[in-house]
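So the structure is just underneath, and the comments pick up after that.
Readers should treat all values here as calculations from the given coordinates under stated rules, not as data from a laboratory. Please read these numbers as outputs of a predicted model, since none were measured by experiment. Cβ sites come from the backbone with ideal geometry, for glycine too, and all protein chains shown count toward neighbours.
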Amino acid sequence: MAQENGLFIYGIVPSDVEPTPEAEGVGSPPGEVIAIRHGELAALVSEVGLEEPLGRPADLTAYERLLDGTAVVAPVLPVRFGTVVTGEDAVEDLLAAHHDRFAAALDEVEDRLQYTVHGRFDEQEFISGFLAENASAAALADEVRGRPEIESREQRIRLGEMISQAVELRREAENRDLIDSVGRYAVADAALPPSHELDAVRVSFLVEGDDEDAFVQAVEDFAEHRRDLIRMRLIGPLAPYDFVSAHQLVE
Amino acid sequence: MTVATTTGQPGSALERTSGGGGGTLADVVETVLDKGVVIDAQVSVAVVGIQLLEINARIVIASVETYLRFAEAVDRLSIVPKGTKGLPDMVGDAAGAATKGKAISGLGKAAQEISGAVADSLRDGGSERERERPRRRRDEER
């Protein structure tokens, strides 16, 4: 058995955290999630077949569901998706080797949850605003509008490049504004790389339990001020994925 | 895009999406992929190499295609922007800004999506998530 199965590690939690019997892990059929304890720590794990490839949408969803569900009741350090070790001994070795560092990191995320703010420009709004403020782009727009691409390709590329650069500059500004506006209600922030060419903002915040309402209200206000220009979303509460980088734990 | 767990105050400019894998698959991928504590880089425990399904990254690069697409969006603009003429003093500034911006052109912006995303993998309801939450003994003993 030991050769064919491994333990998939979801995250590290305080030792008093106990998965419910219904908790479903990755794999098909989903593995049962158990806690392996050492000292003040526990690792949430489930058995996986080593031959079975992981990474189906259902695996990613199960992983996130378990970690986010845990995060709302206890501090948790997500372990990178796909981390599998040989067995319980290996998990205990891992917890033992980094006990104090993991425990300290858990203290830091105690009663703190991640929220990710993700906004996307409304393309028409953004471009009209840009053309209204940029006469040379507007002149190019007049040249290309209504003309077939084959006749106006060069101008189109120039115009599109100007728009693309304007998006990038505006995105940097919006990310800064967001952090300025709502950062006071968070203990940490992390600007994330854009995931779409029209991304307007993408920042994760680590928010203390007591500040959640004020934080959400501040994001609401930020969104309201940009209602027509940016489609704004707030994702969370989440486990602190963007606040447990490897370098924090490496010696 | 919209799933059952996406909510917001009526009329709110902010769309709320709960965690717990309740968003779209793109949300899940963006939230969890390549995040978290990396074990094999820091300890010499028995980390097993398993096969991870290829998660195809659709790389959105600010390329000629992107530019042409933006230009097409200009074609679709319903309203011709006002005030674009008669502001010659703005021309210099604007042209300068655009040239400066060239330094950052060509930076690839990646959007990761799983190919063959299936909606039914994200169908799970909220009640199921409630059940699956680990309990914390300390809380219960209080």
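Once phi is turned into θ = phi - 60°, what whole-Hz ³J(HN,Hα) does the Karplus curve with 6.51, -1.76 and 1.60 give for every residue of segment A:89-97, x standing for Gly and Pro?
Listing the rounded values in order: 4, 5, 5, 5, 4, 4, 5, 5, 5 Hz.
Could you list log10 I(q)/I(0) for segment A:5-110 at q = 0.10, 0.12, 0.16 Å⁻¹, which the Debye formula gives when each Cα is one point scatterer?
Ignoring solvent entirely, the Cα scatterers give -0.24, -0.35, -0.63.
Below 8 Å, C-alpha to C-alpha, sequence gap of six or more: please give me the relative contact order for segment A:70-177 in percent.
With pairs under 8 Å counted, the relative contact order is 21 percent.
Identify which of A:Ile150, A:Ile127, A:Ile179 has the largest mean-square fluctuation in a Gaussian network model of chain A, with springs joining Cα atoms closer than 10 Å.
A:Ile150
Under a crude label model (7 Å from the Cα following the beta-carbon direction), how far is A:Glu4 from A:Asp177 in nanometres?
Rounded to a tenth, the inter-label distance reads 5.9 nm.
Do you know the relative contact order of segment A:5-110, to the nearest whole percent, from alpha carbon pairs under 8 angstrom that are 6+ apart?
Relative contact order comes out at 37 percent.
Mind checking the angle between helix A:212-224 and chain A's longest principal axis? C-alpha axes, 0 to 90 degrees, to the nearest 10.
Taking Cα atoms only, the helix is inclined about 20 degrees.
Calculate the FRET efficiency for A:Asp89 and A:Glu40 from the Cβ-Cβ distance with a Förster distance of 22 Å, rounded to the nearest 0.05.
0.70
Take A:Leu7, A:Leu159 and order them by how many other Cβ atoms sit within 10 Å, fewest up front.
A:Leu7, A:Leu159
Before rounding to the nearest 500, sum -39500 (n - 2.57) across all DSSP H runs of length at least 4 in chain A and divide by the residue total; then give [θ] at 222 nm in deg cm²/dmol.
Theoretical 222 nm ellipticity from helices: -14000 deg cm²/dmol.
Rg(Cα) of segment A:60-145 divided by 2.2 N^0.38 Å?
2.03
Compute the separation of the alpha-carbon centres of segment A:51-100 and segment A:170-217 and state it in Å as a whole number.
26 Å
Can you list the HN-Hα couplings for segment A:159-172, worked out from phi with the Karplus curve (6.51, -1.76, 1.60; θ = phi - 60°), rounded to whole Hz and with x for Gly and Pro?
For segment A:159-172, the Karplus-derived couplings read 5, x, 5, 4, 5, 4, 5, 5, 4, 5, 5, 5, 5, 4 Hz, x marking Gly and Pro.
Only Lys, Arg, Asp and Glu count, each charged at its Cβ (+1, +1, -1, -1), so figure out the dipole size of segment A:5-110 about its Cα centre, rounded to 20 debye.
280 debye
In Å, what Rg and Dmax follow from the Cα atoms of chain A?
Gyration radius and largest Cα-Cα distance of chain A: 23.2, 72 Å.
Using a Gaussian network model on chain A with a 10 Å cutoff between Cα atoms, which of A:Gly31, A:Gly82, A:Gly146 fluctuates the most?
Among A:Gly31, A:Gly82, A:Gly146, the largest mean-square fluctuation in the Gaussian network model of chain A belongs to A:Gly146.
On full extension of the chain, what length is gained from A:Asp210 through A:Arg145, given 0.36 nm per residue of separation minus the C-alpha to C-alpha distance?
18.2 nm is the gain from fully extending A:Asp210 to A:Arg145.
By how many nm would the segment from A:Gln124 to A:Asp107 lengthen if fully extended, with 0.36 nm per residue of separation less the alpha-carbon distance?
Between A:Gln124 and A:Asp107, full extension yields 1.5 nm more.
How high is the FRET efficiency from A:Glu154 to B:Ser12, r the C-beta distance, R0 45 Å, rounded to 0.05?
Given R0 = 45 Å and the Cβ-Cβ separation, E is 0.55.
Kindly put A:Phe222, A:Phe8 in sequence by how many other C-beta atoms sit within 10 Å of each C-beta, fewest to most.
A:Phe222, A:Phe8
Given q = 0.11 Å⁻¹, what are the Debye log10 I(q)/I(0) values for segment A:118-251, with equal point scatterers placed on the Cα positions and solvent ignored?
Each listed q maps to, in turn, -0.51.
Fewest first, what order do A:Tyr63, A:Tyr185 take by the number of other Cβ atoms within 10 Å?
A:Tyr185, A:Tyr63
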